[in-house]
Amino acid sequence: MSDGQDIQGLLEAVAAEARPLAAQGKVANYIPALAQVPPEKFGLAVHFADGRSFAVGDVDEPFSIQSISKVFNLAIALDWIGEDLWQRVGREPSGTSFNSLILLEQEQGIPRNPFINPGAIVVIDALLERYPFYNQQLRNLLRRLSGDPTVGYDATVWHSEEAHGDLNRAMAWLMKAKKNLHCPPDAALSAYHRGCSLALSCRSLAKAGRFLLGGTGEWPLSNDPTRRRRILAIMRLCGLYDAAGDFAYRVGLPAKSGVGGGILAVVPGRCTLCVWSPPLDAKGNSLAGVRALELLVQSQDLV
């Protein structure tokens, strides 16, 4: 295993090469609050299973994690609900954008996977049936996993998503009509949008994802290898929307992106990585973030 100086040097070199690529992307603007984030921000953090951590850039500045929250929602749902969850949502790549209605209508209100928007709304609906104050539970879990008591919701982002979430409303009402949404659609949507507005730093998010490495003890799920393996499989297949195949070819790690510009990735059994750069490509993934991860996997220091 390389020493800390080697790893820190690697992160700095990767950041220097990947960061300029952000100029070719665009910050998400369909959620107005996200359009206000400075596009030059960049952070990269790694947290090893043995507790060592390294970082470079804007790693202590909280950002809206958006769809990365879906990883934690899925983990909690599998903990609380178990395999019954798969009666309401699939485990296949969608091949369409994360907010597409086309497959949802064709497949009778059963979303392809829990990482596209309709699938995540179904997961939230199932969680709300068991815990009406689920957002509080989610926030508290992320505070515990990250060791960061400041983790919370960004009210400005939440209200911005609520005001501009018409496609999500359409999907929720379609699933309600198909009997695959049990709570009132507005309640499920509000909890879903609020979860997307969670704000964590790169450093905190990399640490929060460490339960996926196993044996860390922060959560019983960290000691369940079968469930961890299944979550990582869905991250690998579905974590970057309809660019999942290209990302698997270029990077090959289980990962989940968010339109806030963050990506959480896992080197199974070894470390978790979080990169943040707000400008996105046409698929909704961080341009500089994907490139940074591609550069990192080419090094024997991390994989």
statement: Any residue on another chain or 5+ positions along whose placed amide H is under 5 Å from the amide H of ALA28 is listed here as LEU280
field: Cβ-Cβ FRET estimate between ASP246 and ASN223, R0 fixed at 41 Å, reported to 0.05
entry: 0.75
field: From phi via Karplus (6.51, -1.76, 1.60), per-residue ³J(HN,Hα) for the stretch 182-197 in Hz, x at Gly/Pro
entry: 9, 7, x, x, 5, 5, 5, 5, 4, 5, 5, 4, 5, x, 5, 7
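About the Cα centre of the chain, how large is the charge dipole given +1 on each Lys and Arg Cβ and -1 on each Asp and Glu Cβ? Please answer in debye to the nearest 20.
Details: 30 positive and 30 negative charges, 120 e Å.
Approximately 580 debye in magnitude.
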query: With Cβ to Cβ distances under 15 Å as the rule, what net charge do the other residues near THR226 carry (K, R +1; D, E -1)?
result: +2
- prompt: Taking only Cα atoms, what is the 0 to 90° angle, nearest 10, from helix 166-177's long axis to the longest principal axis of the chain?
  reply: 50 degrees
Relative contact order of the stretch 106-234, pairs being alpha-carbon contacts under 8 Å that are 6 or more residues apart, as %: 29 percent
- prompt: Along the charge dipole of the stretch 113-226, which of PRO184, GLY209, ALA199 sits closest to the positive end, that is, farthest toward it, with unit charges on the beta carbon of Lys, Arg, Asp and Glu (+1, +1, -1, -1)?
  reply: GLY209
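With every protein chain present, what is the per residue accessible area of the stretch 1-131 (1.4 Å probe, Å²)? All intermediate terms of the calculation are to be shown ahead of the outcome.
On the way: 5570 Å² over 131 residues.
Value returned for the stretch 1-131: 43 Å² of accessible area per residue.
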message: From the phi angles alone, apply the Karplus equation (6.51, -1.76, 1.60; θ = phi - 60°) to the stretch 229-245 and give each ³J(HN,Hα) in whole Hz, x where the residue is Gly or Pro.
response: 4, 6, 5, 5, 5, 5, 4, 5, 7, 10, x, 10, 6, 8, 10, 4, x
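Just the number, please: carbon plus sulfur as a percent of the accessible area of the chain, 1.4 Å probe, no ligands or DNA/RNA counted.
Working: 5990 of 11930 Å².
The C+S portion of the solvent-accessible surface of the chain is 50 percent.
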query: Which whole-Hz couplings ³J(HN,Hα) result when phi for each residue of the stretch 248-263 is put into the Karplus expression 6.51 cos²θ - 1.76 cosθ + 1.60, θ = phi - 60°, listed in order with x for Gly and Pro?
result: 4, 5, 7, 10, x, 9, x, 7, 9, 9, x, 6, x, x, x, 9
- line: Taking Cα atoms, the helix 287-297 axis meets the longest principal axis of the chain at an angle in degrees (rounded to 10) of 60 degrees
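Longer than 27 Å from Cα to Cα, which of LYS26/LYS176; LYS70/LYS176; LYS26/LYS70; LYS41/LYS283 are they? Say none if no pair is.
Details: LYS26/LYS176 34 Å; LYS70/LYS176 20 Å; LYS26/LYS70 23 Å; LYS41/LYS283 20 Å.
Too far apart for the 27 Å limit: LYS26/LYS176.
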- prompt: What are the residues whose amide H is under 5 Å from the amide H of GLU61, where those residues sit 5 or more places off or on another chain and H is modelled from the backbone?
  reply: CYS202
Ranked packing of 5-14, 255-264, most packed first, by mean Cβ within 10 Å: 255-264, 5-14
message: Can you tell me the length gained on complete extension of the stretch GLU61 to GLU105, counting 0.36 nm per residue apart and subtracting the Cα distance?
response: 11.9 nm
query: Rounded, prolate or oblate: which fits the stretch 148-226 when a ≥ b ≥ c are the square roots of the eigenvalues of the alpha-carbon gyration tensor, with rounded for a/c under 1.5 and prolate only if a/b beats b/c?
result: oblate
message: Tell me the label only: which of [x] 201; [y] 133; [z] 109 is volume of the Cα convex hull per residue in Å³ as calculated from this structure?
response: [z]
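Grab the eigenvalues of the alpha-carbon gyration tensor for the stretch 82-151, scale each by 5, take roots, and send me the semi-axes largest first in whole angstrom.
That gives 27, 14, 10 Å for the three semi-axes.
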Cut-off under 5 Å, modelled amide H: who pairs with GLY239 long-range: ALA255
- prompt: Highest mean first, what order results for 143-149, 131-137 on Cβ atoms within 10 Å?
  reply: 143-149, 131-137
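The values are calculated or read from the model by the stated rules, or taken from the named source; none is laboratory data. No experiment lies behind these values; they were computed from the predicted model shown. Glycine also receives a Cβ, built like all others from the backbone with ideal geometry; neighbour counts cover every protein chain displayed. For the accessible areas, the whole protein counts, side chains as well, though only heavy atoms, and no ligand, DNA or RNA atoms are used. Shrake-Rupley method; radii C 1.70, N 1.55, O 1.52, S 1.80 Å.
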